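Below is one structure; the comments refer to it alone.
The values are calculated or read from the model by the stated rules, or taken from the named source; none is laboratory data. Please read all numbers here as calculations on a predicted model, not as lab measurements. Please note: Cβ atoms are built from the backbone with ideal geometry, for glycine as well, and neighbour counts cover all protein chains shown. Heavy atoms of the whole protein, side chains included, go into the accessibility calculation; ligands, DNA and RNA do not. Shrake-Rupley method; radii C 1.70, N 1.55, O 1.52, S 1.80 Å.
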Amino acid sequence: MIAQAILQFGTSRFLQAHVDLFVSQAFDRCDPNAGGICVVQSTNSAISTARVVALAGGDGYPVHIRGVRRGHTLDYGINCGAIRAAVHADSHWHRLLDAMASEVRVIVSNTGDRGFRLDERDEAGLLTQTWRAPRSYPAKLVVLLHHRWRECPHAPLSLFPCELVERNGDTLRDTVTRLAQQWRLPGGFVGWLWRHCVWANSVVDRMVGQALHPVGAVTEPYALWAVERKPGLLLPCAHEAIVLTDDLERHERFKLFLLHGGQTYLAELWLARALDKHMTVLQAMNHGEMRAELEAMWAEDVIPIFRALGQESAALAYLVDLRERLLNPFLEHRLADIAENHAPKKVRRLSPILTLNSQLSLQLPQPRLRAALSSRVEAKPYAPVARRHARGAGS
C-alpha cells in the first residue's frame, strides 16, 4: 500500500540505518507520531531494484550495530520494520500523486551528489501527464507538490533532505522554486512552497559501513540527526538521535572541522608518507606518528576556534565520541577511499577552518592545515577492493 505518512526518495544503506531505523525504533516504543514509510526508487540501478523488491515484501530488513560506544563494545542486530511500501517512480507515478493528495506529511530524501541537479528534458507538460515521472528529483517534487497544492493545500507537510549539502532544506527549496518559476506556475503555488511547506535544514552524522544484500546495513553505534528548529516542523518520529537545535551551524562545524577535517588530514599524512595502499582509518589511528599529528592538528589548529566561539567543552565532548568512532574495530574504512578527489576535498574541508580563524581575528598559525593545503600530493587511482567503506558521515 503506497499511502504512508512518510515518502522517502532514495534506497541507500545510509537511510536504511539512519532515518528508517529511527522510525522503526519509534514504532517499537509505540510513538504515536511515527508513520509508515513508502520508499521510492528513482534510478534504474540493479542494486536499488533488488532493494525495492526485497522491501516490498514487507518483512523488514536487518541492521547490525557494531562498534564501541562510551567504552563498551556493541555488536547486535535489529530488524527494521518501518518501510511499509517500496515502489519505482516510473511504474507507480500516478499512485504517488494520489498519495500526495493527503496521506503524506513528511518527505525524506538522500539522492546522492547529483540529487539536486535539474534535467533539461523535464518540462511543464509533466504536470498533466500523470503516468510519467519527471527525471530529476527537484522536478518530481514540483509535480508532486503542485498536485498537493491543488488537492489538499492545508494539510501540513515537512521536507527533510538528507543530502550532504550546506543548508540542504533551503537549497532544495530554492531549486524547486526556480524550476516552478521556469515552468511559469502560478504565483500562489510558489508562495505556498515558501509559506506552507517546511523545508528542514539538517546535519546527518553516522558512518554506515557495508551494505547487506539484498537489503540491510552495518553501522556504527553513534548517530545524530541535528534538525534546525522551525515553526510548523513535523518530525518523522521522536528519537534520541534526532536533536532539534537553534544553532545548526555548530553541529555543521563539529562534523566538518573535526570529523571530515580529521579524516582528510589522515589521508594527507598517508599520501605524504606513501604508506600501504590498503591502510585503514583504524590502522592510522593506531599508528603512533599519524595519531600524534592528528591530535596536534585538532588541539592546536581547530579547538582554539571553538574556544573563541564559546563551544570548547562541546567540541571536546564531540572529540571523545569521534575517537571511539575512528577506532571502531568493525569498520573497514580505507584511506585510499577518503583520498579520492583529495585536492578539491581538502579545499572544501580544511579551508573553512582557516577562513573562520581569519574572520575571528585569532591569528592562529595553523601550520598543519596550511601545509596540507599547500601540498600537491594526490591519490593514485587504486582499484577499490570492495566498496565496504563508510557512507553517510562522509568519506
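For the reader, a short list of remarks on this structure follows.
- Couplings 3J(HN,Hα) for segment 207-220, derived from phi with the Karplus relation 6.51 cos²θ - 1.76 cosθ + 1.60 (θ = phi - 60°), are 8, 10, x, 5, 7, 9, 10, x, 8, x, 7, 10, 9, 7 Hz, where x marks Gly and Pro.
- The portion of the accessible surface of segment 33-117 made up by carbon and sulfur, rounded to a whole percent, is 47 (1.4 Å probe; DNA, RNA and ligands excluded).
- Other residues within the sphere of radius under 14 Å centred on the Cβ of L327, judged by their own Cβ, net out at +1 (K and R +1, D and E -1).
- When the trypsin sites (Lys or Arg not before Pro) in segment 1-110 are filtered for DSSP coil states and for at most 14 other beta-carbon atoms within 10 Å of their beta-carbon, the remaining sites are R29, R70.
- Helix-only mean residue ellipticity at 222 nm for the chain, each DSSP H run of n ≥ 4 adding -39500 (n - 2.57), per residue, nearest 500: -12000 deg cm²/dmol
- In this label model, H94 and Q283 are separated by 5.6 nm, measuring between points 7 Å along each Cα→Cβ vector.
- Placing R0 at 22 angstrom, the Cβ-Cβ distance between S102 and T128 gives a FRET efficiency of 0.60 after rounding to 0.05.
- Of the trypsin sites (Lys or Arg not before Pro) in segment 134-215, the ones in a loop by DSSP (not H, G, I, E or B) with at most 12 other beta carbons within 10 Å are R184.
- Environment charge of P365, counting only residues whose C-beta is closer than 9 Å and scoring Lys/Arg +1, Asp/Glu -1: -1
- Think of each Lys and Arg Cβ as +1 and each Asp and Glu Cβ as -1; about the Cα centre, that makes the dipole of the chain roughly 540 debye.
- Answer label, with Cα extents along the principal axes in Å calculated from the coordinates and candidates [x] 61, 45, 41; [y] 78, 50, 37; [z] 67, 48, 44: [x]
- Rounded FRET efficiency, nearest 0.05, which uses the C-beta distance separating Q182 from R229 and R0 of 45 Å: 0.90
- Taking every C-alpha pair closer than 8 Å and separated by at least 6 residues, the mean separation divided by the residue count of the chain gives a relative contact order of 17 percent.
- Calculated FRET efficiency for the pair A317/N33, C-beta based, R₀ 25 Å, to 0.05: 0.30
- For the set K277/K346; K140/K255; K230/K255, the pairs lying more than 26 angstrom apart at their alpha carbons are K140/K255.
- For segment 224-274, the solvent-accessible area with a 1.4 angstrom probe is 36 square angstrom per residue.
- The GluC sites (Glu not before Pro) of segment 140-234 that meet both conditions, a loop assignment by DSSP and at most 16 other Cβ atoms within 10 Å of the site Cβ, are E166.
- Label point distance in nm, A296-A274, each placed 7 Å from Cα along Cα→Cβ: 2.2
- Extension gain for the segment D174 to D247, taken as residue separation times 0.36 nm less the Cα-Cα distance, is 24.2 nm to one decimal.
- Comparing mean-square fluctuations of H333, H154, H239 from a GNM of the chain with C-alpha springs under 10 Å, the top value falls on H154.
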